[in-house]
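Everything on this sheet refers to the single structure shown next.
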Amino acid sequence: MKKGNLLFICGLVIVVFFILVSIFAPLIAPYDPTSINVKEIFQAPSSKHIFGTDELGRDVFSRVVYGTRVSIFVGFVAVFISIAIGTILGLVAGYFGGIVDIILMRFVDIMLCFPSFFLILAVIAFLSPSLTNVMIIIGLTSWMGVARLVRAETMSVKSRNYIIAAKVQGIKNSIILFKHILPNVASPIFVTATLGVAGAILTESALSFLGLGVQPPTPSWGNILTSGKDNIMFAWWLSLYPGLAILVTVLGYNLLGEGLRDILDPKSKKFGN
Amino acid sequence: MKRLASLLLLFLIVLISGCSDNSAKNEGLSNGQSNVSDSKFGDALVEGSIGDASNLIPILATDSSSHSVAGLIYNGLLKYDKDLKLTGDLAEGYEVSEDKKIITFHLRKGVKWHDGAPFVSEDVKFTYELIVDDKTPTAYDSDFRLIERVEIPDNYTVKVFYKVPYAPALASWTTSILPSHLLKGVEITKSPLQRKPVGTGPYKFFEWKPGDSITLVANTSYFEGSPNIERYIFRIIPDSATMFLELLNGTIDLMGLSPLQYAKQTDNPRFKERYNKYKYLSNSYTYVGYNLKNPLFQDKRVRQALTYATPKDDIIEGALFGLGTRATGPYKPTSPWYNPDVKKYDYNLEKAKKLLSEAGFVDKDGDGILEKGNLKLKFTIITNQGNSSRSMVAEILQNSWAKIGVKVDIRILEWATFINEYIDKRNFDAVILGWTIPLEPDLYDIWHSSRCEGKNLNFICFQNAEVDKLIQDARVEFDFDKRKKMYDRIQEILAEEQPYTFLYVGESLIALSNRFENIEPAPAGLMHNFIRWYVQKENRKYFFTQ
Amino acid sequence: MVPLIIGITFISFVVVHLAPGDPTQFLSSMNPKISETAREKFIKMYNLDKPVYIQYFLWLKKFVKFDFGESFSQDRKKVIDKILERLPVTLWLNIASMVLVFAIALPLGVMSAYLRDTIFDKAVTVFVFVGFAIPTFWLALLCMYYFGVIVGVLPISGLTSYNFESMTLFEKIIDIIKHAFLPVFLSVFGSLAGLSRFARNSMLDVLNEDYIVAARARGIGEGRIIFKHALKNALLPVVTIIGLSVPGLIGGSVIFESIFSIPGMGQLFYQSVMMRDYPVIMGILVIGAILTLLGNLLADIMYAVVDPRIRYKKRAG
């Protein structure tokens, strides 16, 4: 490992840390994140509530810890959906080419023309915002880049000799696609996925700002931050901690993704000291 | 500060030189300007508005922004005074005939539209005809459809003939009267008055920058005397946090505060130096409505139990920071129609449990949730998003009702979905919502059994023969005392039946710049004497040329 | 182009008609004094009782004449007027921030590539990613509070001061810049990451190319290598990003415009969505997408201008 990978390691540490937090949330959180206590509203951070309490007297630390689950879950599922769609369409378009390719890529072009946040906003508002809808819709509106990438990689891989050989042997297309081509395009997909998680977490928080994100009482970083925004002047702790959590996590995924790109991309290895 | 002063000076100079430019925008501005010699005249009030107005012909708009702008531009025949009593506005007086079917209005003489044309009875007749015209997309026609005909024997008398005696009729004449001479024969939805209104009110329309601001200027020849504040400016700021920052910065003079802002964010020198806070009971109450078609809620003991287990004071403390008062029925405690002697439900978990067990609900399978046969006391409360108090109420109820063995899920829905898919289709268990309390006490739309069908507003489907009869009788009774007796009885029945758990009446909370003087808080709020407000010369902030 | 535009209108229409509700409930807003007939009148007036495909067809027929119909909201303005009223503001802020993003991100990216793995490179990486990772509305509120209220040097929201019309030209310019400063600054800070990383990677690729390595071997000065040979080739693919970044910028405007009370297209879109104002939603989606198409076209043209190979091809053909 070269020293250039320091940022990558930082990213990895951050990502792993928050995944652990989300897995062990019930052990870490000292309180039930949804239990309200009208007598303890807006308490500043103290030894009892290390991140303070919110407008319903709920423990902000517990909410941020549980929010990790929701936010990361949103990120992962949304990205899984977008990767699945993008990969399948990209593979199909790149491998079969011809009219299939033209139609699919036209569709990608059309989808890319829309300001995706507008699409997400409209669809979520119409279908009513909920955890499930937020994940699905972010996924459904962010697969186009993956599709283009996978298609390009597939086209370059499919002309290699072993693929041609496999075709000649009469191996089924589906097997060639998934067994021989997919592994070759996996690394750029992996990089995109990592960056995608960061994007999805941010999108959820932006939706929350407009009241269309994950709905309370389920805590997501986005909605904790949003309910804190009206109190930013006197209850800074309400928006500081979820804000930092988003900042650090998104940064972590970005650093990880960029680091992966450097490691996985054979070209960039040549240059440098 | 110095910079600001020099800027304002510059502003003044430029305005003087660019004066002709301004008057081109509104030819009415120079009219009657000369009779303003009063030293109180000047300055402007900037109000923060969360939404832009949609249409300034008020019968075509249902949003509150449009109505608050239009309220300064138009007058009705009648208006509510500072004690919320009906009194004359464009009408000097009125009589109701023996058989209660004819109302005669005597109009004020010498009133002029902003364009100088005289206001006459024809305008009233025209407004009525416009409202009931099928081509007019108005939402306010139902009261006027009970009118048989309107006669105008002379320019200053209007006789309205009703098909049946109808007590709420008087209140309906607070509707803004529109200028016949500008609207007659014009397709109303194409009229330029939608964006450049002409009325009779204390302020004249000056300028509308969509999404940014609406500016009105004083109507110096207003029939009750010229307002002192020269301009009224609505600034549109869609985010409440941003609006509050603007307030702290001194760039807006008047805004409605949330309970949170009122209670927690005004305790700083920046606010105290510049603003006064006002509060008065608002015209709305918040409630939990139970879908009475749902077998869970058919036994009134269940509903009573839920009300007993509702910590109203905690809710007011938690969701409103104490800025509200308990609701016990459909009128607010300061209303003349309020009946204080109805059954009260103080927070009492024991009583709640007892009532539930009397109703046959016990926890047989030990899962902490009561049941009766196949019926589990488990349901979903829905409410609309974007109202944090309501979500808080839902969460407080969820917590509290769990203590008596009632399991509640919460769903918070976007408004359109909420109304279309749940309320209109009667597809809900319980709902947290609010009603505005109209000043007219009629309860027909919400509580009469006939309003249960279709998409009407009795969506919980409350059906009670006695209430139906009382509502109908009260509608034809003009005598206050007799009418009040009927509404008192209805309030008793509602308190006993608990089709709603009435939660609270919140307070209207206002921050107003302290440079304005002569404010007189009253049951009607602050604005009732707005035209008499003024700013001392040395405190003025905005300067306009005359 | 044409099939793309038809596809765009079709998808917009599908999105808009996913809605389970109809826009009429906003007439009532739970006000007991609102009559029932109002709803029926409304439905008739806007053909909402017709089957969806007929509504689409009706819409398309008007669209070819650039008629987007009339807004459902109570102002009954023409959709195109509503959008044109708001479009300039959004365009001005977006173009301003795009220009700044290019002016800042490109040098950063190029320098990072050249100084790869140095402290500078890492600092830049962290800096641009912090910009990307920070929730914009949160930072916006903090900046508004600090610069607007506490320090008091910048206005909090809006596009111009109330007395804008009476200002001198110079004051007007200052006023506009002051109002635009925070929204533009924040949107630039948030968008640096994408472009600077792209520029960095693209530059790295070029620096690995044989001809650069060869140039180095020949002992050509580093400065010349970077500016004469590498930079030009590295910046080529960056041009394509212009077109692709249009939708992101427009989309981001929803948040900025709501926070800073800027009456632009994002705000209009959000309000229309919440009001179920179908014609306006359709109009904005379609116009937004067409703007992106134009952005792509512009990028293609620029690419052709910068890339000698394409020019050569054109001459040959």
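The values are calculated or read from the model by the stated rules, or taken from the named source; none is laboratory data. This one's a predicted model, so the numbers in the text were calculated from it and none came from an experiment. Cβ sites come from the backbone with ideal geometry, for glycine too, and all protein chains shown count toward neighbours. Protein only, heavy atoms only, side chains kept; ligands, DNA and RNA dropped before computing areas. Shrake-Rupley method; radii C 1.70, N 1.55, O 1.52, S 1.80 Å.
Taken one residue at a time, the phi angles of segment A:104-109 give Karplus couplings (6.51, -1.76, 1.60, θ = phi - 60°) of 4, 6, 4, 4, 4, 4 Hz. Gly and Pro are set to x. The relative contact order of segment B:78-188 comes to 27 percent, based on Cα pairs under 8 Å that sit 6 or more residues apart. For chain C, the relative contact order works out to 25 percent when only alpha carbon pairs closer than 8 Å and six or more residues apart are counted. For B:T174, nonlocal amide neighbours, meaning residues 5 or more places apart or on other chains whose placed amide H falls under 5 Å from its own, are B:L78. Qualifying chymotrypsin sites (Phe, Trp or Tyr not before Pro) in segment A:1-107, where qualification requires a DSSP coil assignment and no more than 14 other C-beta atoms within 10 Å, comprise A:F24. Other residues with beta-carbon under 13 Å from the beta-carbon of B:K482 carry, at +1 per Lys or Arg and -1 per Asp or Glu, a net charge of +1. For segment A:171-253, dividing the convex hull volume of the Cα atoms by the residue count gives 107 Å³ per residue. Modelled spin labels at B:A522 and B:D346, positioned 7 Å past Cα toward Cβ, are 3.7 nm from each other.
Our note on the geometry: Cα centres of segment B:383-413 and segment A:180-197, 43 Å apart. Summarising the label geometry, the points placed 7 Å from Cα in the beta-carbon direction at B:Y280 and B:K354 lie 4.2 nm from one another.
Here segment A:114-273 is described by how far its Cα atoms reach on the three principal axes: 69, 47, 25 Å, from widest to narrowest. A Förster radius of 60 Å combined with the Cβ-Cβ distance from B:T380 to C:T240 puts the calculated FRET efficiency at roughly 0.75. Principal axis extents of the C-alpha atoms in chain C (largest first, rounded to whole Å): 85, 59, 38.
In terms of its C-alpha gyration tensor, segment A:67-128 has an oblate overall shape, because the principal axis ratio a/c (a ≥ b ≥ c, square roots of the eigenvalues) is not below 1.5 and a/b does not outweigh b/c.
Beyond 18 Å, the tail of the calculated P(r) for segment C:158-289 holds 69 percent of the Cα pairs.
How charged is the neighbourhood of B:G211? Take every other residue with its Cβ under 15 Å from the Cβ of B:G211, and add Lys/Arg as +1 and Asp/Glu as -1. With Lys, Arg at +1 and Asp, Glu at -1, the net is -4. Take the alpha carbon gyration tensor of segment B:292-436, find the square roots of its eigenvalues, order them as a ≥ b ≥ c, and report rounded if a/c is under 1.5; if not, report prolate when a/b exceeds b/c, else oblate. Cα axes put segment B:292-436 in the oblate bin. Couplings 3J(HN,Hα) of segment C:102-115, computed from phi: 5, 5, 9, 6, 4, x, 4, x, 5, 5, 4, 5, 5, 9 Hz, in residue order, whole Hz [Karplus 6.51 cos²θ - 1.76 cosθ + 1.60, θ = phi - 60°; x for Gly and Pro].
The modelled label-to-label distance between C:I290 and B:E129, using points 7 Å beyond Cα along the C-beta direction, is 4.2 nm.
Summing charges over neighbours of B:V408, with a neighbour being any other residue whose Cβ is under 11 Å away from its Cβ, gives 0 when K and R count +1 and D and E count -1.
Taken over the alpha carbons of segment C:223-284 as equal point scatterers, the Debye sum produces base-10 log I(q)/I(0) values at 0.23, 0.30 Å⁻¹ of -0.91, -1.12. Look at the stretch C:140-149: the mean tally of other chain Cβ atoms within 10 Å of its residues' Cβ atoms is 5. Restricted to Cα atoms, chain A shows a radius of gyration and a Dmax of 21.9, 75 angstrom. Per residue, the average separation of C-alpha pairs within less than 8 Å and at least 6 apart gives chain B a relative contact order of 20 percent. Across every pair of non-identical alpha carbons in segment B:78-188, the mean reciprocal distance, once inverted, gives a Kirkwood radius of 14.5 Å. About the centre of its Cα atoms, chain C shows a dipole size close to 820 debye [charges on the beta carbon of Lys, Arg (+1) and Asp, Glu (-1) only; nearest 20 debye].
Would you mind checking the tilt of helix C:265-275 against the longest principal axis of the Cα atoms of chain C, expressed as 0 to 90 degrees and rounded to 10? So the helix axis and the longest Cα principal axis differ by about 40 degrees.
Under the membrane-span-like helix rule (DSSP H runs whose alpha carbons stretch at least 20 Å along the helix axis, mean Kyte-Doolittle hydropathy 0.5 or higher), chain B yields B:2-17. Applying 1/(1 + (r/R0)^6) with R0 = 56 Å to the Cβ-Cβ distance of C:K78 and A:K48 gives a FRET efficiency near 0.40. Sorted from greatest to least, the principal axis extents spanned by the alpha carbons of segment B:176-305 come out as 60, 53, 30 Å.
When the accessible areas of B alone and C alone are added and the area of the pair subtracted, with a 1.4 Å probe, the result is around 5000 Å², both sides summed. Shown here for segment C:66-126: chymotrypsin sites (Phe, Trp or Tyr not before Pro) in loop regions (DSSP other than H, G, I, E, B) with at most 10 other Cβ atoms within 10 Å, namely C:F66.
With the convex hull constructed from alpha-carbon coordinates only, chain B shows a mean projected area of 27.0 nm² over all directions. For B:K204, the amide hydrogen comes within under 5 Å of the amide hydrogens of B:V217, B:A218, B:N219, counting only partners 5 or more places away or on other chains and with H modelled in the peptide plane. The alpha carbon centroids of segment C:200-245 and segment A:20-61 are separated by 52 Å. Using Cα atoms only, what is the angle between the long axis of helix A:60-96 and the major principal axis of chain A, expressed in degrees (0 to 90) to the nearest 10? Roughly 10 degrees, rounded to the nearest 10.
By the Stokes-Einstein formula, at 1.002 mPa s and 20 °C, segment B:466-546 with its Kirkwood radius over alpha-carbon pairs has D equal to 123 µm²/s.
Binning all Cα-Cα separations of segment C:82-233 at 10 Å, short to long from zero, yields these whole-percent fractions: 10, 28, 27, 18, 12, 4, 0. In bins 20 Å wide, starting from 0, what share of all Cα pairs of the protein assembly as shown does each bin hold, as a percent? P(r) over the protein assembly as shown, rounded to whole percents: 10, 38, 35, 14, 3, 0.
Applied to segment C:136-153, the Karplus parametrisation 6.51 cos²θ - 1.76 cosθ + 1.60 on θ = phi - 60° returns per-residue 3J(HN,Hα) values of 4, 5, 5, 4, 4, 5, 4, 5, 4, 5, 6, 6, x, 9, 6, 7, x, 8 Hz, with x for Gly and Pro. As a calculated quantity, the FRET efficiency between B:R270 and C:I54 at R0 = 41 Å, using C-beta atoms, amounts to about 0.10. Most tightly packed first, judged by the mean number of other beta-carbon atoms within 10 Å of their residues, the peptides C:272-283, B:250-261 read C:272-283, B:250-261.
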